[in-house]
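Below is one structure, written out as structure tokens, with a few remarks after it.
The values are calculated or read from the model by the stated rules, or taken from the named source; none is laboratory data. What you see is a predicted model, and the numbers here were worked out from it, not measured in a lab. Positions of Cβ are generated from backbone atoms using ideal geometry, with glycine treated the same way; all protein chains shown enter the neighbour counts.
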Amino acid sequence: MFENLTNRLSKTFNNIIGRGRLTEGNIKETLHEVRIALLEADVAFSVVRNFTNSVKEKAIGQEVNKRMTPGQEFIKIVRDELINIMGEKNTSINLSTVPPATILLVGLQGTGKTTSTVKLAKFITEKYKKKVLTVSTDIYRPAAITQLATLSNQINVDCYPSNCNQEPVHIVKNALREARTKFYDILLIDTAGRLHVNDSMMEEIKQIHTTANPIETLFVADCMMGQDIANAAEVFDKMLSFTGILLTKVDSDARGGVALSIRHLTGKPIKFIGVGEKIEALEPFYPERIASRILGMGDMISLIEDIESKIDSEQIEQFSKKIKKGDTFDLNDFLQQLKQIRKMGNISDLLRKIPGLMKLSDEATPQIDDKILIRMEAMINSMTIKERKKPEIIKGSRKRRIANGSGMKVQDVNRLLKQFTDMQNIVKKMKKNGLEKMSRYIKNIFPHSFYKQ
């Protein structure tokens, strides 16, 4: 989402990095470009004005840290101020109440409340080990009720049944009774999307809020809606006094202004961000990490957390033991590594978290087509057990059979086998030189023929 802003700011900062000292002149010149970049990113004008004034005030007459150049000191001031307007620190979800802790998700139509409800259920279940119950009060869309039930079932979370013939307030009362009777820790309530100008719908959500008495009321905001979302947030806040914000579609091509504006305009903390369509694609919001991403500094902490939460450590340990023992690395092992990579989510998004990578040229950091991982798995799954253990026997007729079985071409099978050979070489070097030498060979894992054109 922040790519355009990141690129624009990087070019702007290049003009000041080489300066011998910070002067009022070059600070004003740089801030002029920063102001334009933020406005183009759809950041609210009042936020841009406050931001640039604060940076200017702190930068002029700033005593430069001896360990930094003037340009680096200026960027640090910008980063600190970005963190400030986005909330300074992470504000975690509040679950400190007598169970069941009720969490209400509200917002406009089409912002992704139903999917976000399930994402939040998965997050709470895995992070806090809580017993969660979901319920839908969207009696205007039967598909929404079905969607919540289906997605909840996918993550093994119970969903209280509701239907379009019931009143939303009665659904909430019944769900609360169910949660108390069956000792659920958390009740997540999905509500109907509404236009903030619709008085009857707003009165309904107020009644739901009063009945549920939630410990958390999260306003779900779509990053692609632009500055108008702040007006909607203001109306919802007056009616419900929500406790936090959940941003959706952060992985989209939105310009990023909502993420930078909404905390400053509403005074309410951003608690979560939706970073993809998958159910696990929900992250706690850390202003300092987002600020680092915006300035092209990457986000290694989030990357490490992704690895720790999504990678099967037991499988990795077994793989490491196999390498140390000197056992042969075959296509079964390769398949397991592909599955581990897929668990990590969108590969291009992960690469953006690596410091400095965004500053390289597009040619140096080509976009990886994530679908290729699925195709590679399909080709390996089309092989026999013997072929996986002894890839060297895969010749002409076998390649054609594998290609037909996976819906691919023989050339694709050849590329897969070439990639497997490259990976075998990496494993051999790991055995010989140790894991610390692995990074210099990583570029061979994804050959250029698998990148988006």
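Results, tabulated for the structure shown:
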{"item": "Qualifying position, being touching a residue at least 40 places away in the same chain (Cβ under 8 Å) and small (G, A, S), among A175, A143", "result": "A175"}
{"item": "E377 closer than 18 Å to K339 by Cβ, in the same structural domain as D330 (by TED's automatic domain parsing), acidic (D, E) and surrounded by 14 or more Cβ atoms within 10 Å (Cβ to Cβ)", "result": "yes"}
{"item": "Residue satisfying condition, being of a type in the set (K, R), assigned to a helix (DSSP H, G or I), more than 16 Å from Q337 (Cα to Cα) and modelled with pLDDT under 90, within set K443, K431", "result": "K431"}
{"item": "E436 being modelled with pLDDT under 70 and of a type in the set (D, E)", "result": "yes"}
{"item": "Inter-residue pairs, beta-carbon under 6 Å, first over 18 Å from D42 (Cα atoms) and in region 207-234, second small (G, A, S), 6+ apart", "result": "I215/A101; L218/G244; F219/G107; F219/A233; V220/G107; V220/S116"}
{"item": "Which numbered condition S162 fails, given (1) surrounded by 21 or more Cβ atoms within 10 Å (Cβ to Cβ); (2) touching a residue at least 40 places away in the same chain (Cβ under 8 Å); (3) in a loop (DSSP other than H, G, I, E, B)", "result": "(2)"}
{"item": "Of residues in region 238-276 being among the hydroxyl-bearing types (S, T, Y) and surrounded by fewer than 24 Cβ atoms within 10 Å (Cβ to Cβ), the one modelled with the lowest pLDDT", "result": "S252"}
{"item": "Qualifying residues in region 108-132 (those that are in a helix (DSSP H, G or I) and among the aliphatic types (A, V, I, L, M)) - the one farthest from M201 (Cα to Cα)", "result": "I124"}
{"item": "Residue that is modelled with the highest pLDDT [pool: residues in region 11-34 that are more than 14 Å from I85 (Cβ to Cβ) and surrounded by 17 or more Cβ atoms within 10 Å (Cβ to Cβ)]", "result": "L31"}
{"item": "Residues of region 143-159 satisfying the condition of being hydrophobic (A, V, I, L, M, F, W, C), in contact with a helix residue (DSSP H, G or I) (Cβ under 8 Å, 6 or more places away or on another chain) and either part of a helix (DSSP H, G or I) or under 16 Å from T191 (Cβ atoms) (or both)", "result": "A144, L148, L151, C159"}
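So that you can scan it fast, the table gives a plain yes or no per residue for (1) among the hydroxyl-bearing types (S, T, Y); (2) surrounded by fewer than 24 Cβ atoms within 10 Å (Cβ to Cβ); (3) within 21 Å of the chain's Cα centre (by Cα):
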position: G110; (1), (2), (3): no, yes, yes
position: T115; (1), (2), (3): yes, yes, yes
position: K127; (1), (2), (3): no, yes, yes
position: K130; (1), (2), (3): no, yes, no
position: S136; (1), (2), (3): yes, no, no
position: T146; (1), (2), (3): yes, yes, no
